[in-house]
Amino acid sequence: MNIPSNQDTIAAIATGAGEAAIAIVRLSGPESFAIADRIFECQPPKPSQRPPRTFVFGHVLDQDALSANGAASRIDEALLLFFRAPNSFTRQDVVEFQCHGGNIAAQRIYRTLLAQGARPAAPGEFTRRAFLNGRIDLVKAEAVIDMIKAQTQRAATVALEQLAGSLSRSIEDIYANIMSVLAELEARLDFPDDDLPPFEKKHWQPALSHSVATIEKLLSTWDQGRRVRHGAVVVIAGCVNAGKSTLLNALLGQERAIVSSQPGTTRDSIEEGFELNGIPIRLVDTAGYRQTGCGIEKQGMARSDHLRRSADALIYVIDASEPLRELDCLNLAEAPLERTALVFNKIDLGIRVNRADYPSVPDVFTNLTVPDEGAEPVKKIIADLLDCQSDVAAGTTLIGERHRDLLNRTYISLDEAKSLLAMDEASQVPAAIVLREALSYLDECLGRTFNDTLLDTVFSKFCIGK
Ligand SMILES: Nc1nc2c(ncn2[C@@H]2O[C@H](COP(=O)(O)OP(=O)(O)O)[C@@H](O)[C@H]2O)c(=O)[nH]1
Ligand SMILES: [Mg+2]
């Protein structure tokens, strides 16, 4: 992406396509009011003369399509909303057109804005301007996209907290801590003749250890953050007829997959969305394993293998009313055991399995003829595997991939600085350099230093109009 300038006027349709009550077309930049004056017909005063943060009703005109009497034709009736720099999202002049939804009005208004000199906005460019103009830091800008992409209430709460500054504040605190140590250290290095007391452990140990602890705590939220933002894949596998499809239906609370006593009923994988403690989950029922089977079924089994390997959690269903099955053992030998749980099903028919024959991973015994009762302990075991036992316990500050990378580097630098400072006085100069490095990672995290590639990566994930 090549963003030409932060100083021209950009336009975009900010709402989704399709039938809807209203649509919003947005303008941001120095020409916003001049353009609005030209294409908006309303009671005087004209838009540019009106007070900011107000709105006015009127008609949007197409200056290129003249009606019979030579006047510009009306595109739609609309409400115009204005914000004046710097009191707007982008800190520029912003005009928003609220017109009728659907496929025509917003598109025509948008094209008219372009004809009047606006440039099509790139994905996330409004938020990019908010960032470049100092309204929000990069961590907050990332929260905007998280909010738009949130699939669960929990994800939205996390995004809102981040937008309000929870993560930024934590990072700023770490920064301030390191800075205080560095200031003490550099004062002594830069002015050795001043009568400062020697730089001792008490000057750096508490502050740096506190920073390290805060970073560790933040890093420990990454896994949760990834799952809350991007969801998790939970795969149900096992031999034919073990009750996999019955389990899928029980977990979903709906008859999604065909359940039958005929072995090999599910030949392709079946997927459905499902929410567990604030985590969006893709639940996948797979084709069952058996020795024989036709070509289609073998293809299904190969697909099961692939899914099983890529799953965040694997729920392996076993018919507990029968003794050990060779095939189960073979399958489990290849399973990712650290993220696998066993469901011993059909216990209403008696239990003939010997638990000791199977790997020691979390397990649960179920009778899925009573779907709700059967599903509850399985949900719990999935939550354990995904480490999402409750949606509140983990807190609302959850770091993302980019933060993780930079916090990791900060952590390594702090570790190194601590070792250096614990050595002799000669190590103070390299320690100061390493501490500066740590600060630079935090600067990058907050977006105080950046380059275009970084911004392109962050903002390309946005939709147009945001
Ligand atoms: N008695 C009993 N039958 C079950 C249980 N769970 C599933 N079944 C039955 O076992 C058969 C196979 O179930 P299904 O879910 O299609 O198995 P899949 O091949 O693993 O998907 C069906 O007739 C189900 O009704 C259970 O807990 N107890
Ligand atoms: Mg099935």
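What follows draws every value from the coordinates through simple rules; no lab data is involved. All values reported here derive from a predicted model rather than from experimental measurement. Please note: Cβ atoms are built from the backbone with ideal geometry, for glycine as well, and neighbour counts cover all protein chains shown.
Regarding region 101-142, what are the three Cα extents along the principal axes, ordered largest first, in Å?
Sorted from largest, the Cα extents of region 101-142 read 36, 24, 13 Å.
Tally Lys and Arg at +1 and Asp and Glu at -1 over the other residues with C-beta under 12 Å from the C-beta of Leu435: what net charge comes out?
Neighbour charge sum, excluding Leu435 itself: -3.
How much of the DSSP beta bridge set in region 230-385 is antiparallel, as a percent to the nearest 5? Write out the running numbers ahead of the final one.
Working: 7 of 27 bridges.
Bridges in region 230-385 are about 25 percent antiparallel.
Could you let me know the centre-to-centre spacing of region 200-225 and region 394-436, using Cα atoms, in angstrom?
Here the two parts' Cα centres lie 9 Å apart.
Based on DSSP H assignment, which helices of the chain show an axial Cα extent of at least 20 Å together with a mean Kyte-Doolittle hydropathy greater than or equal to 1.6?
Details: long enough: 166-190 (35 Å, 0.23); 201-219 (26 Å, -0.33); 295-310 (23 Å, -1.34); 371-385 (21 Å, -0.32); 401-422 (32 Å, -0.66); 428-446 (27 Å, 0.73).
Helices meeting the span and hydropathy rule in the chain: none at all.
Let me have the relative contact order for the chain, percent, based on Cα pairs under 8 Å that are six or more residues apart.
Values: 834 pairs, mean separation 74.5, N = 466.
It comes to 16 percent, rounded to a whole number.
What Kirkwood Rh does region 10-137 have if only Cα atoms enter the pairwise 1/r average? Answer in Å.
Working: mean 1/r = 0.0680 Å⁻¹.
Value: 14.7 Å, from the Cα pair sum.
Count charges around Thr449 for me, please; just the other residues with Cβ under 13 Å from its Cβ, Lys/Arg as +1, Asp/Glu as -1. Mind dumping the intermediate values first?
Values: positive: Arg436, Arg448; negative: Asp137, Glu437, Asp443, Glu444, Asp452.
Taking every other residue near Thr449 into account, the sum is -3.
Please compute the net charge surrounding Ala320, taking Lys and Arg as +1 and Asp and Glu as -1 over other residues with Cβ under 12 Å from its Cβ.
Charge balance near Ala320 sits at -2.
For region 137-251, what relative contact order do you get, as a whole percent, if you take Cα pairs closer than 8 Å and at least 6 residues apart?
Values: 61 pairs, mean separation 27.3, N = 115.
Normalised by residue count, the contact order of region 137-251 is 24 percent.
From the gyration tensor of the Cα coordinates in region 230-385, what semi-axes in whole Å does the equivalent ellipsoid have, largest first, with each one equal to sqrt(5λ)?
Values: eigenvalues 78, 66, 52 Å².
Its equivalent ellipsoid spans semi-axes of 20, 18, 16 Å.
Using the 2.2 N^0.38 Å rule of thumb for compact globular proteins, work out how the chain stacks up: its C-alpha Rg over that value, please.
1.31
Are there any GluC sites (Glu not before Pro) in region 160-267 that are in a DSSP loop and have at most 13 other Cβ atoms within 10 Å? List them by number.
Values: sites: Glu161, Glu172, Glu184, Glu186, Glu200, Glu216, Glu255; in loops: Glu200, Glu255.
Loop-located and lightly packed - Glu200, Glu255.
Taking amide hydrogens as modeled 1.01 Å from N in the peptide plane, which residues meet the under 5 Å criterion relative to Phe274, leaving out close sequence neighbours?
Those lying under 5 Å, H to H, from Phe274 are Ile281, Leu283.
Going by C-beta contacts inside 10 Å, put Ser209, Ser32 in order with the fewest on the left.
Ordered by Cβ neighbours within 10 Å, fewest first: Ser209, Ser32.
So which trypsin sites (Lys or Arg not before Pro) in region 360-460 pass both tests, a DSSP loop state and at most 12 other Cβ atoms within 10 Å of the Cβ? Write down the numbers at each step before the final one.
Values: sites: Lys379, Lys380, Arg402, Arg404, Arg409, Lys418, Arg436, Arg448; in loops: Arg448.
Hits after loop and neighbour filter: nothing returned.
Can you say what percent of the DSSP beta bridges in the chain, counting only those with both residues inside, are antiparallel? Round to 5. It would help to have the intermediate numbers written out before the result.
Details: 34 of 56 bridges.
If we restrict to bridges inside the chain, about 60 percent are antiparallel.
Relative contact order, percent, of region 10-137 when contacts are C-alpha pairs under 8 Å separated by at least 6 residues? Let's see the in-between values first.
Values: 253 pairs, mean separation 39.7, N = 128.
Reported as a whole number, the value is 31 percent.
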